[in-house]
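All remarks here apply to the structure that follows.
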Amino acid sequence: DSSVLKSRLLKVIMSCLCIIPDLFYYQGYHDVSSILIMISDDDDEVIRLLCAISVRYLRDHCLKDINESLIHLRLIPEIIKVIDPKFQKVINIPNPIYSLSSIISIFSHDLNNFDALVQIWDFIFLHDDPTLVIFIYTSMVLYFKDDILLEVEENGGGNDMILFTLSKLILSLIHI
C-alpha cells in the first residue's frame with residue numbers, strides 16, 4: 001500500500017534528521033531513503049542505515065546551502081580535464097550542475113533498474129569512499145563522450161543539453 005510506504009518514508013527521514021539535527025532535508029534525500037525502505041522491512045534498521053549513509057556519503061548535501069554540493073561537482077570537470085582535456089574544453093562547464101541529481105541521490109533518482117542501482121551502491125559502500133559517486137558519474141560522462149560531442153555539434157552545448165543527453169544515455173546503459 002502506497003500510504004504505508006509514504007508513512008514509513010516520512011518516519012525514517014524525520015527520525016534520521018532528528019537523530020542528526022545538523023543535517024537538513026534536500027530534494028533527492030527521499031530517493032535514497034526509498035531505496036533503503038525497499039531493502040528492509042525493519043524501520044529501525046533503515047533509520048540506522050540512513051543515518052550512516054547520511055553522515056558518510058550525503059552530509060555535505062544535507063547542509064543549509066548548496067555550496068558544499070557544488071564543491072563536489074567541481075571535481076567532475078577537473079577529472080575530465082586530466083583524462084581528456086580536449087573534451088573538457090568542448091563541454092566547458094566549470095560547475096556541472098547537470099550532475100547534481102545523480103550525485104545527491106547516489107543515482108537513485110536516475111536509475112529505474114533496482115538491481116543495477118543496488119550493484120552500484122554495493123560497490124560504493126564496499127569501498128567505503130564517498131568520492132566514488134563522483135568518479136562513477138565522471139566515468140559515465142566519459143563513456144558517453146562521443147554521444148555528448150555529437151549532441152553538442154548538432155544542438156549546441158549547455159547544462160540542459162548535457163543533463164538531458166546523459167540522463168537518456170545512462171538509462172539506455174542500464175537497460176542493456
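Could you tell me the relative contact order of the chain? Use alpha-carbon pairs under 8 Å, at least six residues apart, and round to a whole percent. Show your work: numbers first, answer last.
Details: 155 pairs, mean separation 35.9, N = 176.
Relative CO of the chain lands at 20 percent.
At the listed q of 0.08, 0.14, 0.19 Å⁻¹, the Debye profile of the chain, built from one uniform point per Cα, gives log10 I(q)/I(0) equal to -0.26, -0.77, -1.27. As an equivalent ellipsoid, region 1-103 spans semi-axes of 33, 14, 11 angstrom, where each value is the square root of five times an eigenvalue of the C-alpha gyration tensor, largest first.
Suppose every Lys and Arg Cβ carries +1 and every Asp and Glu Cβ carries -1, with no other charges. What dipole size does the chain come out with about its Cα centre, to the nearest 20 debye? Walk me through the numbers before you get to the answer.
On the way: 13 positive and 24 negative charges, 79 e Å.
Dipole of the chain, to the nearest 20 debye: 380 debye.
Its Cα centre serving as origin, region 1-64 has a Cβ charge dipole (Lys and Arg +1, Asp and Glu -1) of approximately 260 debye.
Whole number in Å², please: accessible area per residue of region 1-151, 1.4 Å probe, ligands, DNA and RNA not counted. It would help to have the intermediate numbers written out before the result.
On the way: 8070 Å² over 151 residues.
Accessible area per residue, region 1-151: 53 Å².
Coupling constants for region 52-69 follow from the phi torsions by the Karplus curve (6.51 cos²θ - 1.76 cosθ + 1.60, θ = phi - 60°), and in residue order they are 5, 5, 5, 6, 7, 10, 10, 3, 5, 8, 9, 8, 5, 10, 8, 4, 5, 4 Hz; glycine and proline get x. Cβ-Cβ distance of Asn95 and Arg48, R₀ of 41 Å, FRET efficiency by 1/(1 + (r/R0)^6): the value works out to about 0.75.
Within region 53-148, the proportion of Cα pairs with more than 21 Å between them is 33 percent. Could you look at the chain and say what percent of its accessible area is carbon and sulfur, using a 1.4 Å probe and all protein chains? With neighbouring chains kept in place, the figure for the chain is 58 percent. Extension gain for Leu5-Ile66 works out to 19.1 nm (0.36 nm per residue, less the C-alpha to C-alpha distance).
222 nm [θ] for the chain, helices only, -39500 (n - 2.57) per DSSP H run of 4+, per residue, to 500? Provide the component values of the computation, followed by the final result.
Working: 11 runs with 121 residues, N = 176.
Roughly -21000 deg cm²/dmol at 222 nm, from the helical runs in the chain.
Here the Karplus curve 6.51 cos²θ - 1.76 cosθ + 1.60, taken at θ = phi - 60°, turns the phi angles of region 110-117 into couplings of 9, 9, 8, 8, 4, 4, 5, 4 Hz, with x standing for Gly and Pro.
The values are calculated or read from the model by the stated rules, or taken from the named source; none is laboratory data. Predicted model only: the values in this text are computed from it and were never measured. Methodologically, a virtual Cβ is constructed for each residue, glycine included, from the backbone with ideal geometry; neighbour enumeration extends over all protein chains shown. Calculation scope for accessible area: heavy atoms of the full protein, side chains included, ligands and nucleic acids excluded. Shrake-Rupley method; radii C 1.70, N 1.55, O 1.52, S 1.80 Å.
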